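Heads up, the thing below is written out as structure tokens.
The values are calculated or read from the model by the stated rules, or taken from the named source; none is laboratory data. Just so we're clear, the structure is a prediction, and the values are computed from it rather than from any experiment. Cβ placement follows ideal geometry from the backbone for every residue including glycine, while neighbour counts extend to all protein chains displayed.
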Amino acid sequence: MGVRLYQVQVVQAQGLAEEGTEQRQTERQLIPQRGNIFDRNGDPLAMTVEAVSIYAHPQELEEPVFVAQQVGGLLGRDPNDLLAELQSGSNFVYLKRQVELDLAEQVMSLGIPGIYAHDEAKRVYPTGTIASHVVGFVNVDGVGLEGIEYEFEDQLRGVPGVVTFEQAPSGVPIPWAPSQSTPAIPGDDLITTIDLPIQYTAEQACQETLVLTSATSCWIVAIEVETGAVLAIAGAPQFDPLVRQNSDGSPFSNFAVRGMYEPGSTQKLITVAAAIEDGVVGPDTVIGAVTDQIELRPGACKSATDEVFGCYSDFTEHETRDMAVIDVFRESSNVGTIRIAQMMTGDQIAGYLDLFGLGGPTGLDYPGEASGLINLDPSCQTCPLSAAIGYGVAETPLQMSAAYGAIGNDGVWIQPHILDFSHGLNGRNEEFTAANHRVVSERTAYLMRQLLSQVVEAGTGISAQIPGYEVGGKTGTADKLGEDGRYTDITMASFVGMAPIDDPKIVVAVVVDGPAYEFRTGGLAATPAFAQVMEQALHRLGVTPDASSG
């Protein structure tokens, strides 16, 4: 016996002590506080709050049916579903996670054996559906799944900490035993470029557009011209981050960034700017004998049901007449624009599409951005001319907004962005630096702005006028392809514009999908929403009204 005691107490003492410590020692991860997301004014878009998760050890429950009915009822759970979970044989069942503190206190006050609770952070979105297409959402474990919650997951989530301590066999920590911890580092806060009042106005305008036009959806993008800062991205139907679906029951989407559409006549800005920049035409150049219909292939206009593509018409019939470039643009003549494009090579057209940022992602700091689609196959003789009027190409509302921003910014394209800067424990981090490149000269940009102002003053965009400001923009009305590959009378109606036209500060793009036939044009479906959002944006940015505008 003495030998055995000597072995245990002396020879093996240190090893046994270490083994005992290892058995008692427990390590737990410390979850970091997720960073908050704010708009440019410091108003919260996403934040983390304290909550409680309630769980049960089913083997300890004396009356699982009572728990399923009474506790489940308090927590908004279906009693039958909860009872099935409690009787599944599992020794751990969440009754509900991330419960508000007062409700959790009400449940725990019942004192039911076998029901427990632990603290757990909960992600909340104070603005609800407003800016939800931008912010996105997280899963129940606080991991970003969509929007900028996903894009900036690494910055937002922080760095987990760890605590090591000893516990008794019962699981209770031993207070006098040594312990050590490495604190969690909270995630960075993000300050975005979104302006909530402009964002709210854009979402309201989209909702009203759906009611007015009976359209399927509406999307609006607002960008600050000189910086590329995205002031608003709004869509309808709206997305609810609480139920994680749109108001029509569809899943999360963001057509403004991920959706592609044939833009129609808004594309004519690029075509005419390219022709002016390369000295092919000027605003006063006369295009002789402009008809109201043109065949890009022989026989293309003979029948609307044959397989010969390449027949394009102006929106309204008119007599053959001479038209200056300014008239072609103001009246949105497809035939006149194609005649201008015929003076350029396919390579010229392709080059300017690339310079204006079409056919490739803008580099927006947002997940899943679409590249767009530019079909200029050399074997396709009609493709460059179709592209000149916005057909045979697919672009996103964001791409088109940035393209128009280049004209507003004296010919320099600016990369759009949503993040302004982040802020962590070490203070403010480096601000976002937008890429930029010149697209056209200052003179060409100026001339194009004058043409855009004519569209709003006396052309197809009259409803985009805003009291006190001179506005410029372009309407777009593109027929949508049907399932049989032929164009239908259902349209994508759009308007992209800027103000004030002499020194643009903001670009706003509105795209309306499938408005009723009586609202099928961009001038009818999209311009009212544009005017509503642009006016709010001008006021928000403190832009002084034009002295010359009534």
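Which of the helices (runs of 4 or more DSSP H) contained wholly in region 237-348 include at least 3 residues that are within 22 Å of residue 377 (Cα to Cα) and assigned by TED's automatic domain parsing to the domain that holds residue 511? I'd like the intermediate steps shown before the answer.
Working: elements: 255-258, 268-277, 325-330, 334-341.
Because the criterion is at least 3 residues that are within 22 Å of residue 377 (Cα to Cα) and assigned by TED's automatic domain parsing to the domain that holds residue 511, the helices (runs of 4 or more DSSP H) in region 237-348 that meet it are 268-277, 334-341.
Output the number of residues of region 111-165 satisfying the condition of being at pLDDT below 90 and hydrophobic (A, V, I, L, M, F, W, C).
Residues meeting the conditions: 7.
Filter region 39-55 down to residues that are modelled with pLDDT of 95 or more and not aliphatic (A, V, I, L, M) and give me whichever is nearest to the chain's Cα centre (by Cα). Walk me through how you get there before you give the answer.
Going through region 39-55, the residues modelled with pLDDT of 95 or more turn out to be 39-47.
Filter again for not aliphatic (A, V, I, L, M), leaving 39-44.
Values: 39: 14, 40: 16, 41: 19, 42: 20, 43: 19, 44: 17 Å.
By that ranking, first place goes to 39.
Given the criterion on the phi > 0 side of the Ramachandran plot, free of Cβ contacts under 8 Å to residues at least 60 places away in the same chain and loosely packed, with under 14 Cβ neighbours inside 10 Å, identify the matching residue among 288, 359, 299. Let's see the steps before the verdict.
Working: 288 fails: on the phi > 0 side of the Ramachandran plot; 359 fails: loosely packed, with under 14 Cβ neighbours inside 10 Å.
Of the residues listed, the single one that is on the phi > 0 side of the Ramachandran plot, free of Cβ contacts under 8 Å to residues at least 60 places away in the same chain and loosely packed, with under 14 Cβ neighbours inside 10 Å is 299.
Is it the case that region 438-458 has a residue that's small (Gly, Ala, Ser), in contact (Cβ under 8 Å) with a residue 40 or more places away in the chain and closer than 30 Å to residue 216 by Cβ?
Scanning region 438-458 turns up no residue that is small (Gly, Ala, Ser), in contact (Cβ under 8 Å) with a residue 40 or more places away in the chain and closer than 30 Å to residue 216 by Cβ.
If we scan region 415-422, do we find a residue that is assigned by TED's automatic domain parsing to the domain that holds residue 267, farther than 18 Å from residue 223 by Cα and either crowded, with 20+ Cβ neighbours inside 10 Å or polar (S, T, N, Q) (or both)? Steps first, please.
Within region 415-422, the subset assigned by TED's automatic domain parsing to the domain that holds residue 267 is 415-422.
Among the residues that remain, those that are also farther than 18 Å from residue 223 by Cα are: 422.
From the residues that got through so far, the ones that are either crowded, with 20+ Cβ neighbours inside 10 Å or polar (S, T, N, Q) (or both) too are 422.
Checking region 415-422: at least one residue is assigned by TED's automatic domain parsing to the domain that holds residue 267, farther than 18 Å from residue 223 by Cα and either crowded, with 20+ Cβ neighbours inside 10 Å or polar (S, T, N, Q) (or both).
Against the definition (outside any strand (DSSP E or B), touching a residue at least 60 places away in the same chain (Cβ under 8 Å) and over 22 Å from the mean Cα position of the chain (by Cα)), how does residue 533 come out, yes or no? Can you show your working first?
On the way: outside any strand (DSSP E or B): yes; touching a residue at least 60 places away in the same chain (Cβ under 8 Å): yes; over 22 Å from the mean Cα position of the chain (by Cα): no.
So residue 533 does not fit the description; no.
Going residue by residue through region 349-356, is there one that turns out to be more than 30 Å from the chain's Cα centre (by Cα) and farther than 13 Å from residue 400 by Cα?
The initial filter retains those residues of region 349-356 that are more than 30 Å from the chain's Cα centre (by Cα), namely none.
Looking for residues that are more than 30 Å from the chain's Cα centre (by Cα) and farther than 13 Å from residue 400 by Cα, one finds none in region 349-356, hence no.
Looking only at region 77-104, count how many residues are within 25 Å of residue 31 (Cα to Cα) and free of Cβ contacts under 8 Å to residues at least 12 places away in the same chain. Before you say what the answer is, go through the steps one by one.
Step one: list which residues in region 77-104 are within 25 Å of residue 31 (Cα to Cα), which gives 91-104.
Now restrict to residues that are free of Cβ contacts under 8 Å to residues at least 12 places away in the same chain: 102.
Summing the residues that are within 25 Å of residue 31 (Cα to Cα) and free of Cβ contacts under 8 Å to residues at least 12 places away in the same chain in region 77-104 gives 1.
Here is a yes/no grid of residues against (1) aliphatic (A, V, I, L, M); (2) crowded, with 24+ Cβ neighbours inside 10 Å; (3) within 15 Å of residue 405 (Cα to Cα); (4) assigned by TED's automatic domain parsing to the domain that holds residue 391:
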site	(1), (2), (3), (4)
444	no, no, yes, yes
457	no, no, no, yes
460	no, yes, no, yes
475	no, yes, no, yes
485	no, no, no, yes
508	yes, yes, yes, yes
533	yes, yes, no, yes
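Could you tell me whether any residue of region 374-392 is under 30 Å from residue 144 (Cα atoms) and outside any helix (DSSP H, G or I)?
Going residue by residue through region 374-392, those that are under 30 Å from residue 144 (Cα atoms) are none.
Within region 374-392 (the criterion being under 30 Å from residue 144 (Cα atoms) and outside any helix (DSSP H, G or I)), the answer is no, since none of the residues qualifies.
Within region 235-242, identify whether any single residue is buried (at least 24 other Cβ atoms within 10 Å of the Cβ) and farther than 15 Å from residue 132 by Cβ, and answer yes or no.
no
At least 1 residues that are within 30 Å of residue 221 (Cα to Cα) in each: list the strands (runs of 3 or more DSSP E) lying fully within region 17-131 that qualify.
Details: elements: 25-30, 44-56, 93-99, 115-124.
Passing ranges, in order: 44-56, 115-124.
Might you let me know whether region 448-470 holds any residue that is among the aliphatic types (A, V, I, L, M) and assigned to a loop (DSSP other than H, G, I, E, B)?
Pass one, region 448-470, residues among the aliphatic types (A, V, I, L, M): 448, 451-452, 455-456, 458, 462, 464, 466.
Next, from what is left, pick out any that are assigned to a loop (DSSP other than H, G, I, E, B): none.
Within region 448-470, none of the residues are among the aliphatic types (A, V, I, L, M) and assigned to a loop (DSSP other than H, G, I, E, B).
Can you find even one residue in region 200-215 that is under 23 Å from residue 520 (Cβ atoms), among the acidic types (Asp, Glu) and assigned to a helix (DSSP H, G or I)?
Scanning region 200-215 turns up at least one residue that is under 23 Å from residue 520 (Cβ atoms), among the acidic types (Asp, Glu) and assigned to a helix (DSSP H, G or I).
Among what's in region 433-442 and is surrounded by fewer than 17 Cβ atoms within 10 Å (Cβ to Cβ) and either under 11 Å from residue 501 (Cα atoms) or under 29 Å from the mean Cα position of the chain (by Cα) (or both), pick the residue that is modelled with the lowest pLDDT. Even if it seems obvious, please write down each step before you answer.
Of region 433-442, the ones surrounded by fewer than 17 Cβ atoms within 10 Å (Cβ to Cβ) are 433-438, 441-442.
Narrowing the set further to residues that are either under 11 Å from residue 501 (Cα atoms) or under 29 Å from the mean Cα position of the chain (by Cα) (or both) leaves 433-438.
Details: 433: 85, 434: 89, 435: 95, 436: 97, 437: 97, 438: 98.
So the residue we want is 433.
Just one of 101, 83, 110 is buried (at least 16 other Cβ atoms within 10 Å of the Cβ) and more than 19 Å from residue 141 (Cβ to Cβ); which is it? Working first, answer last.
Details: 101 fails: buried (at least 16 other Cβ atoms within 10 Å of the Cβ); 110 fails: buried (at least 16 other Cβ atoms within 10 Å of the Cβ).
Result of the check over 101, 83, 110: 83.
Please specify each residue of region 133-160 satisfying the condition of being acidic (Asp, Glu), buried (at least 24 other Cβ atoms within 10 Å of the Cβ) and under 16 Å from residue 420 (Cβ atoms).
Matches in region 133-160: none.
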